[in-house]
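Down below is the structure, laid out as structure tokens.
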Amino acid sequence: MKTIRNIILLGALFLSMQTFGQGKEDVTQYVNPFIGTGKVNANSLKGGNFPGATTPFGMVQLSPDEFIMPNGDGASGYDYSLNTIYGFTHTHLSGTGCVDLLDVLLQPTVELLDNLTNAETFPATFNHQNEKASVGYYSVKYDGSDILTELTATTRTGMTRITYPAGKPNNLIFDMAHAGQNRGGDRKMQIFDSQLRLLNPTTLVGYRLLSGWQRYRAVYFYAEFSRPVTSKIFKAYSSVFPNGDLANGRNVKCFLGFNESSEPLIVKVAISPISIENAKENMQENPDFNFYAVHAKAVSTWENELSNIRIEASAEQKAIFYTGLYHAYIQPNTVSDSNGEFMRADYTTGKVAQGQTQYSTFSLWDTFRAAHPLYTILQPKRVGEFVNSMLSQYQTYGYLPIWQLWGTDNYCMIGNHAIPVLVDAALKGIPGIDINKVYEAVKGTSLRDHRQSPWSTLEKYGYLPETKERESVSIQLENGYDDACVARLAAKLGKTADAEYFMHRSQLYRNIFDKGTGFFRAKDENGKFMEPFEPLSYSPKGMHPYAEGNAWQYRFFVPQDVPDMIKLMGGSKRFEQALDSLFTYDKREGLDQGGNASGFIGQYAHGNEPSHHCIYLYNWVGAEKKAQYYANKVMTEQYNARHDGYSGNEDCGQMSAWYILSSMGFYPVDPASGVYSIGSPQLKKVEISLPNGKTFTITTNRKDAKDCYVKSIKFNGKPYKKNYILHSDILNGGTLEFVMTK
């Protein structure tokens, strides 16, 4: 039953949604948070996304958890193929291959409190027909109990609105023991300590300290209820405390009862990485129990962030495009509280200046390739804060992030790919960045031995022996790219000796190229190529030279110097033939990718990042039509608007960013160069309202998927013969016109 107040608020929400775009179409209507959340059948793939409520780059991601103990295959806590929910947690990762977060689980129930204390989990089933999701909103109605749960969020708070069926108990569970499995799925995350404390009938607080994918995390919360608690049971370990108000330790849960009411129960939860007191301060973002107003603000915020790109395209293309942009803006995540405090990489408390934000969740092995270049076009202010957030780790930890989560490094993956992100931002003149501090950090990171960056070994041998360093080929190739980025910034700053040193080191990939096979291969410490050479294998016998890939996918990773890579392979003709083989060699025998690659076209694997630039390499050998053909093939065959809309893990925005840039017609093969290679634009029109007040417009005469070839281009009305466009061209505004043909 809706009150007059609620009807008025619904009307206000409707009116606000009509005016967000100032007379223009609201783009948030095209966002479908279910895209990338599951498989259609056993042969399809999923992106690992979650459908719950969040705000752009927010600290809170309030979403359902469908796993008792999720692992890497269910790292977001959700899989569309399932129909059981164990509760709703306030933090989630988006499309990662490892699991963490899943903090502060709450679960509404109509079960009697006494019946719950012996259970470890509290499952409820549902039907997808009774489930809805949109920007800043999620709802589901449980089978049997008929409980309706609705979710929305602010940056640092989650809000849950629970409508219980008439005549049934109004009960609620808080579970601080819910967690995922560690990498490899062999053991549960270790919770060192946790607490739940009922301060008064309408206020619950708590915290937990734990280790998982991240070595150590602390999360604190402050919760308020719209109705007072009337009955309660607390639990820790195997001990039950009837009518208690506090539980400490492990396996901490509480079971709260509220008087039956025709009005929904609203629960507000503010979180913090620092303290309960900070979480309480963060609740100032959400001072009232006005679910509709919070939802309306979340929608307005998303509309403001997404509508600076407007496209003319089919409804499906709009859904893919705007959902992709939405996914790209879920992370990096805010990790500073409203007072500016955040946890440094050394676990001390830092503080950003007023008006600034500290960010984390930097999945850099994935996102340096396309997501971060996309941010430099659309989110330059945030890019400055991303850079300063990463510099903060360098200042306290001694080197830049590899994979940073909740403010500290978990060392996942290889390379030092904060380096290209920082160098790209510095060379593009992103505001708020001290270029000299950036150079100090990228140089210092590149000279100090640390995990998977064995510089002294590289200096000794001139390559990385596989017998000394696992994943040696991938590490050398990727770190070589990072070295080239340091060299560029050194040259920009007039540091000639440094530029020459890092440029030389960036070219050491030549020492592991085997001219006989045409592949980059592992060597032992005696300089001999290791046998057997199994280019299809991700784990050749007796070695593991490639990271989440094989020799085919790493055959083309020299983005810093494509002409030299072409020369190594015997010239343009042979290089083009090698690229052809990448896309046409369909052999699967010996292809033991172990779930780390998908979306195959030959040996090209779009579902994982090492392949993402390869299509555009055709532009270096005059075979642009092939680049256009394969770019179009991937976009039309491996992206869709269903829940199986991605051909592999979303990886914190990278899979989406590839589509967003490619669908506009270009992609950064070398992500720190400011150069975008032209491919096959998919959209009839793109209009980017740039932060500097200018507009960059792209138009095409494309009618359908067969119009994938570029016949001619005009830029600002003049014929354009280049197969690339510069970042500076985009920022200066103008119009890029494509004439497409079959």
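The values are calculated or read from the model by the stated rules, or taken from the named source; none is laboratory data. Everything numeric in this text was worked out from a predicted model, so none of it was measured. Here Cβ is always computed from backbone atoms with ideal geometry, including for glycine, and neighbour counts include all displayed protein chains. Remember, those area values only see protein heavy atoms, side chains included, never the ligands or the DNA or RNA. Shrake-Rupley method; radii C 1.70, N 1.55, O 1.52, S 1.80 Å.
Whole number in Å², please: accessible area per residue of the stretch 268-318, 1.4 Å probe, ligands, DNA and RNA not counted.
38 Å²
Could you list which residues have their amide H under 5 Å from that of Ala605, counting only those 5 or more apart in sequence or on another chain, with H placed in the peptide plane?
Ser611
Compute the helix-to-body angle for 496-506: its Cα long axis versus the longest principal axis of the chain, expressed 0 to 90° and rounded to tens.
That works out to roughly 80 degrees.
Which whole-number percent gives the relative contact order of the stretch 514-587, counting Cα pairs below 8 Å spaced six or more residues apart?
23 percent
Hey, how many Å between the Cα centroid of the stretch 192-221 and the Cα centroid of the stretch 41-116?
Cα centres, the stretch 192-221 to the stretch 41-116: 18 Å.
Rounded to whole Å, give me the distance from the Cα center of the stretch 351-372 to that of the stretch 323-339.
Centre-to-centre (Cα) distance: 9 Å.
Nearest 20 debye, what's the magnitude of the dipole of the chain about its Cα centre given +1 on Lys and Arg Cβ and -1 on Asp and Glu Cβ? List each step's numbers first, then the result.
Working: 72 positive and 74 negative charges, 313 e Å.
Roughly 1500 debye, rounded to the nearest 20.
Which cross-chain or sequence-distant (5 or more) residues have an amide H under 5 Å from the amide H of Asp79, H modelled 1.01 Å from N in plane?
Glu66
For the stretch 174-179, take each phi angle, set θ = phi - 60°, evaluate the Karplus expression 6.51 cos²θ - 1.76 cosθ + 1.60, and give the result in whole Hz per residue in order, putting x for glycine and proline.
Values, residue by residue: 10, 10, 9, 9, 5, 7 Hz.
Can you pull out the chymotrypsin sites (Phe, Trp or Tyr not before Pro) in the stretch 333-367 that DSSP calls coil and that have at most 13 other Cβ atoms within 10 Å?
Tyr347
Dipole size in debye (nearest 20) for the stretch 22-119 around its Cα centre, Lys and Arg Cβ +1, Asp and Glu Cβ -1?
Values: 3 positive and 10 negative charges, 67 e Å.
Taking the Cα centre of the stretch 22-119 as origin, the dipole is about 320 debye.
HN-Hα J couplings of the stretch 666-673 from phi, Karplus 6.51/-1.76/1.60, θ = phi - 60°, integer Hz, Gly and Pro as x?
7, 7, x, 4, 9, x, 10, 9
Please give the net charge around Glu737, taking every other residue with its beta carbon less than 15 angstrom from that of Glu737, where Lys and Arg add +1 and Asp and Glu add -1.
+4
Any idea which of Asn278, Ser239, Asn259 is furthest toward the positive side of the dipole for the stretch 230-288, if Lys and Arg beta-carbons carry +1 and Asp and Glu beta-carbons -1?
Ser239
Angle, helix 418-427 long axis vs. longest principal axis of the chain, Cα atoms, 0 to 90°, nearest 10?
Approximately 70 degrees, to the nearest ten.
Please list the non-local residues whose amide H lies under 5 Å from the amide H of Lys188, H modeled 1.01 Å from N, same-chain partners needing a gap of 5 or more.
Long-range HN contacts for Lys188: Asn182.
Looking at the stretch 646-716, which trypsin sites (Lys or Arg not before Pro) are DSSP coil and have at most 14 other C-beta atoms within 10 Å of their C-beta?
Filter output for the stretch 646-716: Lys694, Lys703, Lys706.
Residues with beta-carbon under 9 Å from that of Gln654, excluding Gln654: net charge, scoring Lys, Arg +1 and Asp, Glu -1?
Cβ neighbours under 9 Å give a net charge of -3.
Quick check on packing: order 471-477, 294-300 by the mean number of other C-beta atoms within 10 Å, highest mean leading.
Ranked from most to least packed, the peptides come out as 471-477, 294-300.
I need the fraction of alpha carbon pairs in the chain separated by more than 43 Å, rounded to a whole percent.
Distances greater than 43 Å cover 26 percent of the Cα pairs.
For the chain, take the longest principal axis of its alpha carbons; what is the angle in degrees between that and the long axis of helix 654-664, to the nearest 10 within 0 to 90?
So the helix axis and the longest Cα principal axis differ by about 60 degrees.
I want the antiparallel fraction of DSSP beta bridges within the chain, as a percent rounded to 5. Could you put the intermediate results ahead of the total?
Working: 114 of 119 bridges.
Once the DSSP bridges in the chain are tallied, antiparallel ones form about 95 percent.
Starting at 0 and stepping by 5 Å, how many percent of the alpha carbon pairs of the stretch 619-742 end up in each bin?
Going out from 0 Å in 5 Å bins, the stretch 619-742 shows 2, 10, 20, 24, 21, 14, 7, 1, 0 percent.
For the stretch 306-444, what does the relative contact order come out to in percent, with C-alpha contacts under 8 Å and a separation of six or more?
Across the stretch 306-444, relative contact order equals 22 percent.
For the stretch 536-623, which GluC sites (Glu not before Pro) are both in a DSSP coil and crowded by at most 10 other Cβ atoms within 10 Å?
Sparse-neighbourhood loop GluC sites (Glu not before Pro): Glu589.
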